[in-house]
Amino acid sequence: MESVSILHCADLHLGAPFSGLPSNIAAERANDLRRAFLKIIELCKTEKIQLLLIAGDLFDSLHPPDALTDMVRNALASIPGTFIAIAPGNHDAAVFDSLYRYHDGWPRNVYVFTGGFSYLDIPVLNVRLWGAGFTNIYQDKPMLAESRYTDTPLLNICVMHADLIQPGGVSQYNPVTEEMIEKSGMDYLALGHIHKRSEIRRAGAVYFSYPGSPEGLGFDERGERGVYLGEISRGVCELRFYALNRRTFMDIGVDTTGLQRQEIITRIHDELRADKVRSADNLIRVTLTGTVTEESSISPEYAAAALSDVFYMVLSDQTVMDVQPDTIRGDFTLRNIFIKKMQERINQNPSDESLKLAMKLGLRAFNEKVGYTGSDSRGSLA
Ligand SMILES: [Mn+2]
């Protein structure tokens, strides 16, 4: 049976600003996205991919910088043996002055869907290639449609950016339901938009999937990330997931109750070891909960030093401090007065988190040098 080898990717978001991260970390992440793209190009060569499907949001913005678009076009031109289909998404919609509309600027092996649902035949691949492109950041009418032209000996393969919704639901991002997919008559539907990977799914005779974003774009995009690749023939879909993320976003929570400082750090390292990428490449958010004592309390500076092998770390300290007044030097110490006054104010305003933080920082000041430079949400760098 005739089959075609495909690589299905989506949501690379090249040029994303990573504005929530410090500028040097954000610059590294921008490089990581370019690296993921170039890795996809390399896979097309090594895996002899005949059809590369890019299901939207290849770029993070409507008008990415020339240096970026030149890099992308050169890379695509470097795999002339692979046919490339791009379906613009809501982030890189084919608006009137979109780079996708400068047809001369794209290599001959690239086809961009810059409008409504349509197809082109690629007889050499035995494929009828379907797709649609966003022409605006919103696309509230469904683009996928039934067509009698799917009645062909060619394989019907479709690429588009679309939001899979429940029947009766709504979306401004090209809504599609399983029922619509089933009726589409496709052999494979390559979707983009949802950044969390789906399994290879099936609606009736139609296989479909979301590969997700190949590099996480924030702490809500955790775990292994990558693309789908493999062979498709009529009634058969043999795609496998290929992880290519350079780094992993991780959310690490530790209940500090009863733990020493070093034990808390060990727990964090244990979680880091469970990930497949090197801990030096991870972006972690550490949330501490439970009760700490002055001795076990972890300052941002302590965490930064103890986890200096991690690429990027942000500490969210939600612990409650178990405050013990001085007993050795009698009751009337500066420290005890501070504790008493702070406790009174906390009792008056129990919901004011800044008072609890002030208590923690003040107690730290009695014990050690305090070089506290900002809120708990600031990160520290390896
Ligand atoms: Mn996206």
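Read-outs: derived from the displayed coordinates by stated rules, not from any lab. This is a predicted model, so every value here is computed, not measured. Heads up, the Cβs are rebuilt from the backbone with ideal geometry, glycines too, and the neighbour counts pull from every protein chain shown.
Say R0 is 45 Å: what FRET efficiency, to the nearest 0.05, do Gln262 and Lys340 get from their beta-carbon distance?
It comes out at approximately 0.90.
For the chain, take the longest principal axis of its alpha carbons; what is the angle in degrees between that and the long axis of helix 261-273, to the nearest 10 within 0 to 90?
In the chain, helix 261-273 runs at an angle near 10 degrees to the longest axis.
Once amide H atoms are built 1.01 Å from N in the peptide plane, which residues 5 or more positions from Met250, or in another chain, come under 5 Å H to H?
Result for Met250 returns Leu283, Ile284, Arg285.
About the Cα centre of the stretch 1-157, what is the dipole size in debye to 20, counting +1 per Lys and Arg Cβ and -1 per Asp and Glu Cβ, all else neutral?
Details: 12 positive and 17 negative charges, 53 e Å.
Dipole magnitude for the stretch 1-157 comes out near 260 debye.
Report, in listed order, any pair from Lys196/Lys356; Lys48/Lys196; Lys45/Lys183 with a Cα-Cα distance greater than 31 Å.
Lys196/Lys356; Lys45/Lys183
Select from Met160, Met359, Met180 the residue whose mean-square fluctuation is largest in a Gaussian network model of the chain (Cα-Cα springs shorter than 10 Å).
It is Met359.
What's the percent breakdown of Cα-Cα distances in the stretch 249-381 across 5 Å bins, shortest bin first?
2, 10, 19, 21, 19, 13, 8, 5, 3, 1, 0
Which lysines have a Cα less than 29 Å from the Cα of Lys360, not counting those fewer than 8 places away in the same chain?
Filter leaves Lys340, Lys341, Lys369.
Taking the chain as the reference, fit the longest principal axis to its C-alpha atoms, fit the long axis of helix 353-367 to the helix C-alpha atoms, and give the angle between the two in degrees, 0 to 90, nearest 10.
It works out to around 60 degrees.
Can you give me the Kirkwood hydrodynamic radius for the chain, using every pair of distinct Cα atoms, in Å to one decimal? Let's see the in-between values first.
Details: mean 1/r = 0.0425 Å⁻¹.
Evaluated over the chain, this radius sits at 23.5 Å.
Let me spell out the model: positive unit charges on the Cβ of Lys and Arg, negative unit charges on the Cβ of Asp and Glu, origin at the Cα centre of the chain. What dipole size does that give, in debye rounded to 20?
That gives a dipole near 420 debye.
Among the DSSP beta bridges whose two residues both lie in the chain, what percent are antiparallel, rounded to the nearest 5?
Bridges in the chain are about 35 percent antiparallel.
Between the stretch 57-110 and the stretch 201-248, how many Å separate their Cα centres?
21 Å
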